[in-house]
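Below is one structure, written out as structure tokens; the observations come after it.
The values are calculated or read from the model by the stated rules, or taken from the named source; none is laboratory data. Predicted, not measured: the structure shown is a model, and the values here were computed from it. As a convention, Cβ positions derive from the backbone with ideal geometry for all residues, glycine included, and neighbour counts pool all protein chains shown. Protein only, heavy atoms only, side chains kept; ligands, DNA and RNA dropped before computing areas. Shrake-Rupley method; radii C 1.70, N 1.55, O 1.52, S 1.80 Å.
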Amino acid sequence: MRYDFDEIIDRQETNSINTDGFRDFIFHAGPDMKFPYADDEFIRMWIADMEFACAEPIRQAIQKRLDRKIFGYTIMNLDTAYHNSLTKWCQKKYDWSFPREELCFSTGVIPALYQLVELICQPKEKAMMVTPAYGFFKHAVDYNQIACDCSPLIVDSGHFRVDFEDLERKASQKEMKLLIWCNPQNPSGTVWTKEELERVIRIAEENDLWLISDEIHCDILRHGVRHIPLAKLTDYKKLITCMSASKVFNMAGLQFSNIIIRDPQLREQFVLRDKNVGFVNPLSIVAHKAAYDEGEEWLDQLKTYLDLNFSYVKDFLAKELPLAEFEIPQATYLAWVNLNAYLGDIDDLPRFFAYEAGILLEGGDDLFVGNAKGYVRLNLAMPRKTLERAMQRMKEAILEHANKNKAKA
Ligand SMILES: Cc1ncc(COP(=O)(O)O)c(C=O)c1O
């Protein structure tokens, strides 16, 4: 079957955060915030969901479940079929698997992070992460009133690497309890090498840290790239792996994630304190199972489409905005672009692009914790025609600003 990623799908009035939630999420503002663009005129490159239709086998699986007519309280404890589907996928994709008893569920990786930080860290203890980071890593830590240390990534001609001396120093503090790791990394899209991952594990082990590996982006890879689950490299008991088909198959609204916890005591606490007492959405289960059983063909075509979107953006920037720094990432559908050369004088880049270009995007320290000044994150998971319009609008706004600055100088 050939899937159509060029289809433009109307998301208005579907309660989508993407169309209706940007004032609150990006600008921390209410419905009164006005823009020179009507809401449906914006091109939306912000929150990490896609403008593509969910894969047909998933929609059919949901339909089949709808036809069973009853949607009562739903649990997973007797279900081995789901674990079989997931581990078959993991085995094939990453040559790795894990036992059934380690598998827990959550209504999302974000809720799981909030809960895990609460369970792992006591008052006066600390958590850490590398920056730039996915904003909710820090929100989960802040919410639990736990102190947070950040280790800035180093950029080498567009490639991101860990400052291991800094990471090690921060990890060795006696109050440090938890390292939240993102594999592959959001927002940079970095796929860590085996050596980098082994070093991270060593640091966690030597300092007796809990290690959460958020691997939600692990299937959104450029063609030819392989994901290495952190758990494949170690049997360290304090490792927790978070995965979901939600992001890669564009069904984040179904609110379902796999939380793989090795330590039996933490697992017990996690399940006990689970705000949903282990209940899950019956439609989410069948959707995720169908993704793992039948989603590969769709994913393969998605990757081809995304590879071309990335090449388009890379070429566009090289030609039209040559001072923008950007390398195609090995993972995610997110482009992390350094615009300091053009917009270094602008503090609030999302605001600039919303007002001057009619583009909704995320960027800067406020949304990515730190080490992100002058960077924007562009979600490229959209039909090529929309992407072309977006890049054109961005270019015009950036060059107009640069020309104004030149005239002032
Ligand atoms: C690294 C990372 N973790 C978690 C999430 C969200 O996870 P969930 O929708 O399962 O709560 C995102 C969404 O963008 C993400 O990028």
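Per-structure values
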read-out	value
Under 15 Å from the Cα of residue 395 - aspartates and glutamates, other chains or at least 8 residues apart	315, 320, 325, 356
Sites residue 124 and residue 340 - FRET efficiency at Förster radius 41 Å, r taken between beta-carbons, to 0.05	0.65
Inter-label distance for residue 300 and residue 235, nm, one decimal - labels placed 7 Å from Cα along Cα-to-Cβ	3.5 nm
The range 1-105, relative contact order in percent, only Cα pairs under 8 angstrom and at least six apart counted	21 percent
Using a Förster distance of 25 Å, the FRET efficiency for residue 166-residue 145 (Cβ separation, nearest 0.05)	0.55
With at most 11 other Cβ atoms within 10 Å, longest stretch of the chain clear of loop chymotrypsin sites (Phe, Trp or Tyr not before Pro) (DSSP)	74-409
For the chain, the longest site-free run once GluC sites (Glu not before Pro) in DSSP loop states with at most 10 other Cβ atoms within 10 Å are removed	14-409
Solvent-accessible area of residue 16 with every protein chain in place, 1.4 Å probe, in Å² to the nearest 10	10 Å²
For residue 128, residues with placed amide H under 5 Å, excluding near neighbours	149, 178, 179, 180
Highest-fluctuation residue, 214, 67, 39 considered, GNM on the chain with Cα pairs under 10 Å	67
Estimated distance in nm for a label pair at residue 81 and residue 12, the labels positioned 7 Å out from Cα along Cα-to-Cβ	4.1 nm
MRE, 222 nm, helices only [DSSP H, n ≥ 4, -39500 (n - 2.57), over the chain, to nearest 500]	-12500 deg cm²/dmol
Fraction in percent of alpha-carbon pairs per bin - 10 Å, the range 107-157	26, 50, 19, 6
Computed E for residue 265/residue 157 - FRET, C-beta separation, R0 51 angstrom, nearest 0.05	0.70
Nearest-20 debye value, the range 289-361 charge dipole, Cβ charges on Lys, Arg, Asp, Glu	120 debye
Rough spin-label spacing in nm, given labels placed 7 Å along Cα→Cβ, for residue 400 and residue 174	5.9 nm
